Amino acid sequence: AEWLPAEIASLAGDHQAAVEYLRPFCDLLEDLDQRFYLSSIAPMLGRELCALGRHAEAERYARLTRELEVRQNVLGEATWRQVQAVVQAHRGEHAEAEALAREAVGIAERTDGLNYQGDAFCDLAEVLAAAGRTHEAAEALEQALERYERKKNLAMAAQMRPRLETLRGAAPA
C-alpha cells in the first residue's frame, strides 16, 4: 500500500507530492532488489516526473524498468513504454514515440484495467499533440476519457475534460 498516497496525490493533480511519495519507495525497492514490485513503481514515478516536465529524470525510470525485464508484469511493460514515449516526443522523436505509445496502448488493452487503458491513451494523446496531430490527439484523449468514465474514475475524468476541450479547440476542422 506504499504507493497509495502517491496515487491519491496524482488523482488530485499534485504530481510533485506523488513524486515525493514514490521516489523514496522506489529507492528502497531498488536497494532491496525487489524487481517485480520495482517494475511497477519505477514507471509510475516516471509518469509523475513526465507530468512535471522532468523528462530526463523520467527516462531513468523507464530505462530501469525495461532493464529489469519483468515480462510478466503487464502494467510495468506498458507504463515504461508510455514514459519513454513521452520523453521521446518531447525530444522531437515523434515516430519512435508514437510507436512506443501505441505499443503501450495495445498492451494495456489486453487487460481489463480501465484506468491503465485510460492512462495509456492519455499518454498517446500527449505524444500525438507533441507531433502537432491535434485531431488524433483529441481522439486518443476521448478514448482515455471513455475508459475513466466507465471505471467511474471521476478525478481523472475531470482532469481529461478541459484537456480534451483544449485539443478540440486547437484541432483543424
Exercise for review: Return the loop-located trypsin sites (Lys or Arg not before Pro) in the range 94-138 (DSSP other than H, G, I, E, B) with at most 13 other Cβ atoms within 10 Å of their own Cβ; answer none if there are none.
Suggested key: R110
**Study point:** Phi-based couplings in Hz for the range 67-72 (Karplus 6.51, -1.76, 1.60; Gly and Pro marked x)
**Key:** 6, 5, 6, 9, 4, 6
**Study point:** Highest to lowest packing among 9-16, 119-126, 61-68, scored as the average C-beta count within 10 Å
**Key:** 119-126, 61-68, 9-16
Review point. By its C-alpha gyration tensor, with a ≥ b ≥ c as the square roots of the eigenvalues, how is the range 1-83 shaped: rounded for a/c under 1.5, else prolate for a/b larger than b/c, else oblate?
Key: prolate
Check your understanding: Helix-derived [θ] at 222 nm for the chain: sum -39500 (n - 2.57) over DSSP H runs of at least 4, divide by residue count, nearest 500?
Key -> -27000 deg cm²/dmol
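Dipole size in debye (nearest 20) for the chain around its Cα centre, Lys and Arg Cβ +1, Asp and Glu Cβ -1?
Details: 20 positive and 29 negative charges, 70 e Å.
My answer is approximately 340 debye.
Expressed in nm to one decimal, what extension gain is obtained for the pair A56 and A95 from 0.36 nm per residue of sequence separation less their Cα-Cα distance?
On the way: separation 39, 0.36 × 39 = 14.04 nm, distance 1.90 nm.
Length gained, A56 through A95: 12.1 nm.
What number, in percent, do you get for the relative contact order of the chain if the mean sequence gap of Cα pairs under 8 Å and at least 6 apart is divided by its residue count?
Values: 266 pairs, mean separation 25.0, N = 173.
Worked out over the chain, it gives 14 percent.
Bear in mind these aren't lab numbers, they're just calculated from the coordinates by the rules spelled out. From a predicted model like this one, the values you see are computed outputs, not experimental measurements. Please note: Cβ atoms are built from the backbone with ideal geometry, for glycine as well, and neighbour counts cover all protein chains shown.
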